Amino acid sequence: MLERPWYVSLNYVLAITAIALSVVGLVVIKSATLHAGDARGDVAHQIAYLIVGVFAMVALAFVDYHIWQRFALPLYIVNIVMLVAVLAAGHAALGAQRWIGIGPIVFQPSEPAKLLSTLSLAALLADPRRSLRRFQDFLLPLAALALPVLLVLKQPDLGTALVMIAIFTAMFFFALPKARYFAAYAAAFVGLGAVAVTSPFVLHGYQRARLFMFLNPQNDPQGAGWSLIQSKIAIGSGMLLGKGLFNGTQTQLGFVPEHATDFIFTVIGEEWGFIGALVLLALYAIVAASGLIALASARDMYGALVAAGITGMFAFHILVNVGMTIGIMPITGIPLPFISYGGSSLITCLMAVGVLLNIHLQRDKISFDDV
């Protein structure tokens, strides 16, 4: 087995774009927290998270991704243990129990759970002993997905649960041997989703309100519709070129809630305008395209499915987060990748990029059988 030098094969565009997006996030967080009590501390924390994330990205770029396939079961167990630990001894804030502390470190396990679920579930779907042509072949992968999804819903964290389903769906699309199998899966998912949305045993009342409020936020302008109304005002007021960095009135005066996390896109729309938002989406398009390139160049099914899952994760995050701020998607409370404040999200995103980088590196391994 021959291998081209890593410095020839590394996807520099993906690595640089991920870091550039993270740096943009620092600037936007600075603006979003300008008048907060500990604005300097928030930016300093995010810089520390970025440094850790970049080191993790570089490390994972040089770890053969096949090792995750061999240790898929331990990864899955670690994932479940973390999510159970949150429910048993996690920290509660803003009506949810999503954080857990290990000494001085407090993190949100549902964020790395997305990547761990991708790495472990891809191994199940890529198993050559599972043809995915019989009904029983679907049972174990679906059950393996259901457990972390239910644990995340229990926190409650509807947004992350939907991300996990989106990741699995992206992998399923490429794993299934026939298109009609995926169509059957999609139809079943839509049916189950409709039942879940209307069931009081699956979603809390406020979650259902947020899901449907985007259709007509004026029904409750001072309550459930407030965030969306203020978000649309902020983005619309940015017009073509924006009001300028640190000059967004809606965000600086605190009309938009959670504008350093879930609604951080409103800061970009208001202060950087349509052009700034378009540049941001172009950078995201580079990340998504790099994920698809890694998928296409993967040397085996496991690598292709991991690349599909990670790309699906980024795409779903971007679509839903940006969509909810402009009123075309339900408000589910998921961060904008690389941009939103939070160490768990940023580090997980950079780690996911590291895995994509390694899948891309592996494409240039040359077997003597191919010569």
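The values are calculated or read from the model by the stated rules, or taken from the named source; none is laboratory data. These numbers come from a predicted model, not from an experiment. Ideal geometry is used to build each Cβ from the backbone, glycine not excepted, and the neighbour counts take in all protein chains shown.
Take the residues in the range 235-245 that are within 18 Å of VAL279 (Cβ to Cβ) and surrounded by 15 or more Cβ atoms within 10 Å (Cβ to Cβ); name whichever of them is nearest to the chain's Cα centre (by Cα). First the steps, then the outcome.
Restricting attention to the range 235-245, the residues satisfying the condition of being within 18 Å of VAL279 (Cβ to Cβ) are 235, 238-245.
If we keep only those that are surrounded by 15 or more Cβ atoms within 10 Å (Cβ to Cβ) as well, we get 235, 238, 242-243, 245.
On the way: ILE235: 22, GLY238: 26, GLY242: 27, LYS243: 29, LEU245: 26 Å.
Ranking the candidates gives ILE235 first.
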Quiz item: In this structure, is GLN230 more than 12 Å from THR325 (Cα to Cα), without any contact (Cβ under 8 Å) to a residue 60 or more places away in the chain, of a type in the set (S, T, N, Q) and in a helix (DSSP H, G or I)?
Solution: no
Self-check item: Residue satisfying all of: in the range 120-137; under 20 Å from ARG299 (Cβ atoms) and among the hydrophobic types (A, V, I, L, M, F, W, C); surrounded by the most Cβ atoms within 10 Å (Cβ to Cβ) among these
Solution: ALA122
Quiz item: Is there a residue being more than 17 Å from VAL23 (Cα to Cα), surrounded by fewer than 24 Cβ atoms within 10 Å (Cβ to Cβ) and not β-branched (Val, Ile, Thr) anywhere in the range 264-272?
Solution: no
Self-check item: Residue among PHE246, PHE255 that alone is in contact with a Leu (Cβ under 7 Å, 6 or more places away or on another chain), in a loop (DSSP other than H, G, I, E, B) and in contact (Cβ under 8 Å) with a residue 24 or more places away in the chain
Solution: PHE246
Quiz item: With LEU73, LEU140 as the choices, which residue is without any contact (Cβ under 8 Å) to a residue 60 or more places away in the chain, more than 25 Å from GLY53 (Cβ to Cβ), surrounded by fewer than 21 Cβ atoms within 10 Å (Cβ to Cβ) and touching a Ser or Thr at 6+ places or on another chain (Cβ under 8 Å)?
Solution: LEU73
Practice problem: Confirm whether VAL149 is in contact with a helix residue (DSSP H, G or I) (Cβ under 9 Å, 6 or more places away or on another chain), among the aliphatic types (A, V, I, L, M), under 30 Å from THR266 (Cβ atoms) and at pLDDT below 80. | Solution: no
Practice problem: Can you tell me which residue among ILE318, ILE334, ILE286 is crowded, with 19+ Cβ neighbours inside 10 Å, modelled with pLDDT of 95 or more and in contact with a helix residue (DSSP H, G or I) (Cβ under 6 Å, 6 or more places away or on another chain)? | Solution: ILE318
Exercise. Scan the range 320-344 for residues that are more than 15 Å from THR160 (Cβ to Cβ), out of contact with any Ser or Thr (no Cβ under 6 Å at 6 or more places or on another chain) and assigned to a helix (DSSP H, G or I) and jot them down.
Key: VAL322, GLY323, ILE326, GLY343
Exercise. Of the numbered conditions (1) under 25 Å from ALA32 (Cβ atoms); (2) in contact (Cβ under 8 Å) with a residue 60 or more places away in the chain; (3) touching a Leu at 6+ places or on another chain (Cβ under 6 Å); (4) not aromatic (Phe, Trp, Tyr), ALA304 fails exactly one; give the number of that condition.
Key: (1)
Practice problem: Check the range 125-139 and report whether any residue there is within 20 Å of the chain's Cα centre (by Cα) and among the aliphatic types (A, V, I, L, M). | Solution: no
Exercise. Name the residue, out of ILE19, ILE29, that is surrounded by 14 or more Cβ atoms within 10 Å (Cβ to Cβ), at pLDDT below 95 and assigned to a helix (DSSP H, G or I).
Key: ILE29
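Taking GLY312 as the residue in question, decide whether it is within 30 Å of PRO141 (Cα to Cα) and touching a residue at least 24 places away in the same chain (Cβ under 8 Å). Break it down stepwise before answering.
Working: within 30 Å of PRO141 (Cα to Cα): yes; touching a residue at least 24 places away in the same chain (Cβ under 8 Å): yes.
Yes; evaluated as a whole, the condition is true for this residue.
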Exercise. Determine which member of the set GLY41, GLY25 is under 30 Å from PRO148 (Cα atoms) and of a type outside the set (A, V, I, L, M, F, W, C).
Key: GLY25
Quiz item: So LEU278 clears everything in (1) touching a residue at least 24 places away in the same chain (Cβ under 8 Å); (2) surrounded by fewer than 21 Cβ atoms within 10 Å (Cβ to Cβ) except one condition, right? Which one?
Solution: (1)
Quiz item: Which is out of contact with any Asp or Glu (no Cβ under 8 Å at 6 or more places or on another chain), surrounded by 14 or more Cβ atoms within 10 Å (Cβ to Cβ), assigned to a helix (DSSP H, G or I) and at pLDDT 85 or above, of PHE189, PHE174?
Solution: PHE174
